[in-house]
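Asks: Just dropping this structure here.
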Amino acid sequence: MHGALQQNATLLERIKVGVADMVCDVVVCPPYPYLPQARSVLADSRVALGAQSLSEHASGAFTGEVSASMLVEFGCQYVLVGHSERRALCGETDVVVAMKFEAAFRAGLVPVLCVGETLIEREAGDTGVVVARQLSAVLDRCGVSALAGAVLAYEPVWAIGTGVTASPAQAQEVHAAIRAQVSVLDSAVASGLRILYGGSVKPQNAMELFGQADIDGGLIGGAALMADDFLKICIAAN
């Protein structure tokens with residue numbers, strides 16, 4: 001929950017200019033009220049627009065919620081689904097996340113499905129079980145073919161906003177497991193699936209993280225609020 005109109009304008013302009021000659025895909029996901037501003041600033045640029053969440057419902061008496069069709073009308077192409085903060089702070093279960101994924105997919109949005117374990121779960125040796133369960137909820141509801149039009153993001157909860165980053169080897173291990181789980185169902189979908197790493201990605205560690213075989217980019221949090229840092233991370237992805 002960051003941003004203000006003038007701050008946004010400066011940040012978005014810097015990003016738009018800075019990535020103009022890059023080949024990597026770049027998406028920004030501002031809070032709902034700033035979507036129109038971001039759409040205007042980023043018009044005719046190579047930066048895509050996304051939202052931070054959506055409702056699992058298409059319409060109805062759900063005050064305060066935002067539907068997939070509303071996001072499409074405001075120019076969104078992507079939407080985060082199941083971000084760790086939504087799971088932890090808003091009580092979004094695996095079932096709800098799967099419903100949100102389906103709502104986004106059916107509306108033509110690209111869902112960015114976030115999965116990841118807490119510190120307690122990692123220390124208990126349950127990382128693989130937790131991530132597989134979170135992914136299975138979506139696979140069971142939507143089928144593996146839906147992942148062909150989606151993006152996955154592994155975000156270890158213990159590394160988000162803490163300054164602690166999973167080592168490249170730790171991140172790669174989970175990314176490889178995710179791809180393997182999908183490959184059992186459809187090897188072609190698994191091969192083409194983009195799996196991002198999110199968890200205190202910084203300019204200093206981006207190159208090594210993105211150099212891992214199954215890490216295809218980053219889901220950037222705090223560093224995305226600083227144009228210079230974000231652009232350096234984009235260069236690493238590029």
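Every number here is computed from the coordinates shown, using simple stated rules; none is lab data. Just so it is clear, the structure is predicted and the values come from calculations on it, not from any experiment. Neighbour counts run over all protein chains shown; Cβ positions are idealised from the backbone, glycine included.
Asks: Using the eigenvalues of the Cα gyration tensor, what equivalent ellipsoid semi-axes result for the range 5-237 when each is taken as the square root of five times the eigenvalue, whole Å, largest first?
Replies: 25, 23, 17
Asks: In a Gaussian network model over the chain where Cα atoms closer than 10 Å are linked, find which of Val112, Val201, Val189 has the largest mean-square fluctuation.
Replies: Highest fluctuation of the listed residues: Val189.
Asks: Here's something else I'd like to know. Can you order the peptides 168-174, 1-7, 18-24, 100-106 by their average number of other Cβ atoms within 10 Å per residue, highest first?
Replies: 100-106, 168-174, 18-24, 1-7
Asks: Could I ask something else about it? Kindly rank 217-228, 143-154, 59-70 from highest to lowest mean number of other beta carbons found within 10 Å of each residue.
Replies: Taking the mean over residues of other Cβ atoms within 10 Å, the ranking is 143-154, 217-228, 59-70.
Asks: So if each residue of separation counts as 0.36 nm, and I subtract the Cα-Cα distance between Glu123 and Tyr32, what length gain in nm does that give?
Replies: Difference between extended and current length: 29.2 nm.
Asks: Report, ordered by chain and residue number, the lysines lying within cross-link reach of Lys16, taken as a straight Cα distance under 27 Å and ignoring same-chain residues fewer than 8 apart.
Replies: Hits, sequence-local ones excluded: Lys202, Lys232.
Asks: Right, next: With θ set to phi - 60° and the Karplus curve 6.51 cos²θ - 1.76 cosθ + 1.60, what are the ³J(HN,Hα) couplings of the range 120-137 in order, to the nearest whole Hz, using x for Gly and Pro?
Replies: My calculation for the range 120-137 gives 4, 5, 5, 5, 7, x, 9, 3, x, 5, 5, 5, 4, 5, 5, 6, 4, 4 Hz in order.
Asks: Net charge near Ala9: determine it from the other residues with C-beta under 13 Å of the C-beta of Ala9, scoring Lys and Arg +1 and Asp and Glu -1.
Replies: +2
Asks: Could you give the nm distance between label points at Glu208 and Cys90, where each point is 7 Å from its Cα heading toward the beta carbon?
Replies: In this crude label model, Glu208 to Cys90 measures out at 3.4 nm.
Asks: For an R0 of 22 angstrom, estimate the FRET efficiency from the Cβ-Cβ distance between His57 and Ala9 and round to the nearest 0.05.
Replies: Between His57 and Ala9 the formula returns 0.10.
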